[in-house]
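Notes for the one structure printed next.
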Amino acid sequence: MNVLVTGGSQGIGAAAVRLFVQEGWRVALGYRSSRQEALELAQETGAVPVQGDVSDPAQARGLVAQAEEALDGLDALVCCAGVALPIQLLTDTTDEQWRQVMGTDLDGVFYTVRAAIPGMVRRQSGSIVTVSSIWGVSGASCEAPYSAAKAGVIGLTKALAQELGPSHIRVNCVAPGVIDTRMNGALDAAARQELADSTPLGCLGTPEEAAQAICFLASPRASFITGQVLQADGGILL
């Protein structure tokens, strides 16, 4: 089984790369600029590093093409590349910041999935897992661009599940809660504790826990599951 993980050099993506390798998959590790981290993870796991900026349509096509060539086709695609802005009011958000988030978090999913679909259709099989966020489900104050992009990922996932189902391609989404990654590292200790206290399980999630959900949905274990959003969030939205 072959999989491309975008955003695979750090955070949830890196945890997914490690878990896929542990489960016997051949993995292409997609990254944009974190070359050193990608190479170190590739050396650790045996994954194949492939470089490209998913927010650029030509580079997204190239990223998928590199992975397909290196692995001799893709059985699964995981769209994990993402960026976030500092917590701020929408009225303080610049046009450039809005496009930065939309370009990677939503457009990047569109470009990457569009490039991977033809190969999966030819094989009449495949699994696509997108990564959204609980803020794409509920929205978050002072994180409007991120919430909007991640909500768009959920809508895209559900539409593609219907569109690609006849070609035996499953499309699902993981919506992590507050995960202990570099992206959330800017939160101070009080904010992190408040979020942990708001979670019924009483803690922040780990990248490995989010990766378990991703790998399950990508795998044949989820063969009759499509169009679903799996909230790996410790119950914070209950």
Sort out which residues of region 186-238 are part of a loop (DSSP other than H, G, I, E, B), in contact with a strand residue (DSSP E or B) (Cβ under 9 Å, 6 or more places away or on another chain) and not β-branched (Val, Ile, Thr), and write them in order of number. LEU204, SER219, SER223, PHE224, GLY227, GLN228, ASP233, GLY234, LEU237
Selection count where residues are within 22 Å of TRP98 (Cβ to Cβ) and either touching a residue at least 24 places away in the same chain (Cβ under 8 Å) or touching a Phe, Trp or Tyr at 6+ places or on another chain (Cβ under 6 Å) (or both), scope region 31-52: 1
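Quick grid of which residues meet (1) touching an Asp or Glu at 6+ places or on another chain (Cβ under 9 Å); (2) crowded, with 24+ Cβ neighbours inside 10 Å:
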{"position": "VAL5", "(1), (2)": "no, yes"}
{"position": "VAL27", "(1), (2)": "no, yes"}
{"position": "THR45", "(1), (2)": "no, no"}
{"position": "PRO49", "(1), (2)": "no, no"}
{"position": "PRO57", "(1), (2)": "yes, no"}
{"position": "LEU63", "(1), (2)": "yes, yes"}
{"position": "GLU68", "(1), (2)": "no, no"}
Just name the residue that is farthest from ALA81 (Cα to Cα) out of those in region 111-127 that are in contact with a Lys or Arg (Cβ under 8 Å, 6 or more places away or on another chain) and open to solvent by less than 20 Å² (accessible area, probe 1.4 Å). GLY126
Which pairs have Cβ atoms under 6 Å, sit 6 or more apart or on different chains, and link a residue in region 220-238 that is touching a residue at least 12 places away in the same chain (Cβ under 8 Å) to one that is open to solvent by less than 60 Å² (accessible area, probe 1.4 Å) and assigned to a loop (DSSP other than H, G, I, E, B)? ASP233/GLY177; GLY234/GLY177; GLY234/THR199; ILE236/GLY177; ILE236/THR199
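The values are calculated or read from the model by the stated rules, or taken from the named source; none is laboratory data. All of these numbers come straight from a predicted model, not from anything done at the bench. With ideal geometry, Cβ positions are generated from the backbone for all residues, glycine too; neighbour counts draw on all protein chains shown. SASA here: full protein model, heavy atoms, side chains in, ligands and nucleic acids out. Shrake-Rupley method; radii C 1.70, N 1.55, O 1.52, S 1.80 Å.
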